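Read the structure below first, then the notes.
The values are calculated or read from the model by the stated rules, or taken from the named source; none is laboratory data. Remember, predicted model here, so these are calculated numbers, not experimental data. Cβ coordinates were reconstructed from backbone atoms using ideal geometry, including for glycine residues, and neighbour counts include every protein chain displayed. Just so you know, the surface numbers come from the protein's heavy atoms only, side chains and all, with ligands and any DNA or RNA stripped out. Shrake-Rupley method; radii C 1.70, N 1.55, O 1.52, S 1.80 Å.
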Amino acid sequence: RMKTYLITFVIHNSRRSYRMKRLGIYTDQAMFFSNEERGLVKKILLSILEEFKETVQGLAINVLKDHVHLVARLQPEELSDFVRKLKGKSTHLYKKHYHITKEFHLWARKFNRRLIENTDSEIRAIHYVENNHVKHKQDKV
């Protein structure tokens, strides 16, 4: 049976803790999306969701300067594989658009997920995702 999840993933190197800085884990420049890049990434992610429409229902998506929120309905056992494919294919299409030929990581490895257990929670999650740019004081794309 399909279940609904709030899925969040972040841009590679966008979030750094004091400990990471102190240990020198990340030495390269942090990356953040411009509004133009946010629009492009949203378009890319929506096109990939369309490819998965037989097995995944995308209910809401918002691309922010350093992370993505997605509400999606799918089989629980397919969640990790779907997110891996979504991140991998979007990285490939992003690199292609910007003619990036070197090794490049667009997304951090991990992702967060929260199971949405009822219709009221689903409605709240969709509203949260659709309006998350306001919380972060960013333009809607």
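Once C-alpha pairs closer than 8 Å and six or more residues apart are averaged by separation and normalised to the residue number of the chain, the relative contact order reads 38 percent. Summing +1 for each Lys or Arg and -1 for each Asp or Glu among the other residues whose beta-carbon sits under 15 angstrom from that of residue 77 gives +4. For the chain, a crude dipole built from +1 on the beta carbon of Lys and Arg and -1 on the beta carbon of Asp and Glu, taken about the Cα centre, is about 600 debye to the nearest 20. Solvent-accessible surface of the chain, taken per residue with a 1.4 Å probe and all protein chains present: 63 Å². Estimated purely from DSSP H runs of n ≥ 4, each contributing -39500 (n - 2.57), the mean residue ellipticity at 222 nm for the chain is -12500 deg cm²/dmol once divided by its residues.
Which lysines, if any, have their Cα less than 26 Å from the Cα of residue 96, not counting same-chain residues under 8 positions apart? Those lysines meeting the cut-off are 42, 43, 53, 65, 85, 87, 110, 140. Name the long-range amide H neighbours of residue 60: under 5 Å, sequence gap of 5 or more, or other chain; modelled H, no Pro or chain starts. Counting only residues 5 or more places away or on other chains, the set is 71. Could you point to the residue in 91, 115, 132 farthest towards the positive end of the range 84-141's charge dipole, with +1 and -1 charges on the Cβ of Lys/Arg and Asp/Glu respectively? Most positive-ward Cα: 91. Taking Cα centre as origin and charging only the Cβ of basic (Lys, Arg, +1) and acidic (Asp, Glu, -1) residues, the dipole magnitude of the range 35-96 rounds to 240 debye.
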